[in-house]
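What follows is a single structure, written as structure tokens, with notes after it.
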Amino acid sequence: MLRVSSLYRFPMKSAIGESLQQARVDALGLAGDRRWMLVDAENGRFLTQRAFSRMSQLSARWSASGGLTLSAEGLPTLEVPLPDADANLRGAFVWGSSMVVPDAGDAAAQWLSGFLGKACRLVHVPDHRARDIPGSLLPEEKVGFADGFPLLLIGQASLDDLSERVGRPLEMLRFRPNLVVEGSAPYAEDGWKRIRIGDIEFSVAKGCSRCILTTIDPATGERSADREPLTTLKTYREREGEVYFGQNLINRGTGVLEVGMEVEVLE
């Protein structure tokens, strides 16, 4: 039987993830997932571990009220309230998409700029300010600050196979999935088109192309000197110049997911 073995939420794009036993799914994926983001204070471009590996050591915990609790070694904890959805708006850019979203204020910006060593602003995406999923022709298909799709799924067997090829255990959090599924063959998820978990159906949109971020140790923030696992992935998971690992999902409804739930492959 296929089942959900892990659930992860990433309240701030590129910051530390949260392991969950249960998660609510809303219109933009997991509730509270990638609804906050750091942007360059000058041009609004999104900031991630790709350029600032120190973000892997930044804890940003989501609260039920929608706010954020920031913490990092050597800094006082900061509570960031949910900003007004239609005030203090700021332009933000995620890949090729532009957005207009509320800024979280000067206190958060000063705290995070000090942590990162770069002038930045913290922004939030309310549901009605989410952007269209790239390439989608359906206006109801929206995404927050995730790279392109609301959810990411990886099979545990796929990671186990990759770890064996690399020659050392790899942390799942290097790949920042929302859902981990166990009980399938390695890379079985590549062939799925539709799945159901509980009352929620998901479309499997496309494979997830991987980048240098996968070479950052989530525990230390250090990059792998041998550029693993990207080096190994390129030997057998490269297609048209992109390296793929995991599958992007679009949820076709809302509800609740729990670790242990059965995963049904519909197509």
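For this structure, a couple of remarks:
- Any hit, segment 150-173, residues being of a type in the set (S, T, N, Q), assigned to a loop (DSSP other than H, G, I, E, B) and open to solvent by less than 30 Å² (accessible area, probe 1.4 Å): no
- Only one of the numbered conditions (1) closer than 29 Å to VAL256 by Cα; (2) open to solvent by 10 Å² or more (accessible area, probe 1.4 Å); (3) of a type outside the set (Lys, Arg); (4) out of contact with any Asp or Glu (no Cβ under 6 Å at 6 or more places or on another chain) is violated by THR220, and that is (1).
- Filtered by the rule that a residue be closer than 29 Å to GLY114 by Cα and in contact with a helix residue (DSSP H, G or I) (Cβ under 8 Å, 6 or more places away or on another chain), segment 20-39 gives a lone residue, LEU38.
- Residue satisfying all of: in segment 1-22; of a type in the set (Lys, Arg) and either in a loop (DSSP other than H, G, I, E, B) or within 15 Å of LEU151 (Cβ to Cβ) (or both); least open to solvent (accessible area, probe 1.4 Å) among these: LYS13
- Residue list for segment 131-148, restricted to those being among the hydrophobic types (A, V, I, L, M, F, W, C), open to solvent by less than 40 Å² (accessible area, probe 1.4 Å) and modelled with pLDDT under 95: ILE133
- Lone unmet requirement of (1) open to solvent by 40 Å² or more (accessible area, probe 1.4 Å); (2) under 22 Å from ILE133 (Cα atoms); (3) in contact with a Gly (Cβ under 8 Å, 6 or more places away or on another chain) for ASP199: (2)
- Checking LEU179 against (1) within 17 Å of the chain's Cα centre (by Cα); (2) surrounded by 15 or more Cβ atoms within 10 Å (Cβ to Cβ); (3) at pLDDT below 95, the condition it does not meet: (3)
- Those residues of segment 23-65 which are small (Gly, Ala, Ser), over 17 Å from PHE149 (Cα atoms) and at pLDDT below 95, in sequence order: ALA51, SER53, SER63, ALA64, SER65
- Residue match in segment 47-63 (condition: open to solvent by 30 Å² or more (accessible area, probe 1.4 Å) and in contact with a Pro (Cβ under 7 Å, 6 or more places away or on another chain)): yes
- Tabulated pairs, segment 186-213, first touching a residue at least 12 places away in the same chain (Cβ under 8 Å) and closer than 21 Å to LEU30 by Cα, second part of a helix (DSSP H, G or I) and open to solvent by 30 Å² or more (accessible area, probe 1.4 Å), C-beta under 7 angstrom, 6+ apart or interchain: GLY207/ASP190
- Taken over segment 85-117, residues that are part of a loop (DSSP other than H, G, I, E, B), open to solvent by 40 Å² or more (accessible area, probe 1.4 Å) and either free of Cβ contacts under 8 Å to residues at least 24 places away in the same chain or in contact with a helix residue (DSSP H, G or I) (Cβ under 9 Å, 6 or more places away or on another chain) (or both) amount to 3.
The values are calculated or read from the model by the stated rules, or taken from the named source; none is laboratory data. No experiment lies behind these values; they were computed from the predicted model shown. Heads up, the Cβs are rebuilt from the backbone with ideal geometry, glycines too, and the neighbour counts pull from every protein chain shown. Calculation scope for accessible area: heavy atoms of the full protein, side chains included, ligands and nucleic acids excluded. Shrake-Rupley method; radii C 1.70, N 1.55, O 1.52, S 1.80 Å.
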